[in-house]
Ligand SMILES: [Fe+2]
């Protein structure tokens, strides 16, 4: 996939070849309805696909492509609305919601990298179907505790199981590589193949970061959730180890220093929630005040409600 570099302060999503032009950036309020509708439609789709998995049924690829195109359209208008909605209910045990959030973040990174429409859609397909192999391991998928060694070994097969299910219907090598490589690490300690560095596809690298970020911001029975800015810090600790440095920086760039949904303390001592990262001032997110809370907070300079 081609890559493109952008000026340090430019957060606008680029218009890659194949897109008409950069659409007007709509105010947050004007994109919430569309964002809410597509998030709900994606959640229903992923629930049906993952929770009512039927090996004998063909993967619903046409519906998936339509949903991905609609999601891209909303992201290009104002991606903050979808980022805000996906932060509303962070239940780590909701596999469908985890799938949707990972798809959204992956698409956003693909757009920010300047991928063409077909490549962005392929990235979305990889994200959407990457964990379908888990449905073939129901005793693992339903396990609420950290996995025992033998359970972990079986779990490591889920990318390959997904490949076996999808390879007949998805002939695109790019999509299949994203699916099978989404748990690889650049240091070679990932699975299933232990690939290193640029042996891993761009899709595999993006999905690895998006998947891990969402796992960190969600609460699980065996681990507490992290505030978004601390989740990014945790990922940064693994930059160049688990995650590709360049891809990770693009993800952080998309989300901002204080991602939408972060609870912050402004320099006048008020608690607030980040609702939008401004294209012009990425270090100064737009926030809305909150009642006094005892959550972990980041500190931002300035206050723009
Ligand atoms: Fe996975």
Grab the Cα-Cα distance for residue 91 and residue 61, subtract it from 0.36 nm times how many residues apart they are, and report the gain in nm with one decimal. 8.2 nm
Residue 51/residue 168 FRET efficiency (R0 25 Å; Cβ-Cβ; nearest 0.05): 0.65
Taking the Kirkwood radius as the inverse of the mean 1/r across Cα pairs, report the Rg/Rh of the stretch 28-255. 0.93
Spin-label point model (7 Å from Cα, Cβ direction): what's the residue 265 to residue 234 distance in nm? 2.2
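Quick one: length gained pulling residue 187 to residue 222 fully straight, 0.36 nm per residue minus the C-alpha distance?
Between residue 187 and residue 222, full extension yields an extra 10.0 nm.
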Alpha-carbon centroid distance for the pair the stretch 84-139 / the stretch 222-292, whole angstrom: 19
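How long is the gain from residue 153 to residue 249 if the chain were fully straight, where each residue apart is worth 0.36 nm and the alpha carbon distance is subtracted?
My answer for the length gained is 31.5 nm.
So for the stretch 9-135, what are the equivalent ellipsoid semi-axes in whole Å, largest first, each being the square root of 5 times an eigenvalue of the Cα gyration tensor?
They are 25, 17, 12 Å, listed from largest to smallest.
As a footprinting exposure proxy, order 21, 30 by other Cβ within 10 Å, with the fewest listed first.
21, 30
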Between residue 69 and residue 199, the FRET efficiency computed from the C-beta separation at R0 = 25 Å comes out, to the nearest 0.05, as 0.25
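Bear in mind that the values in this text are calculations on the coordinates, not laboratory data. For clarity, every value in this text was computed on a predicted model and none was experimentally measured. Quick reminder, even Gly has a Cβ in these numbers, built from the backbone with ideal geometry, and neighbours come from all protein chains shown.
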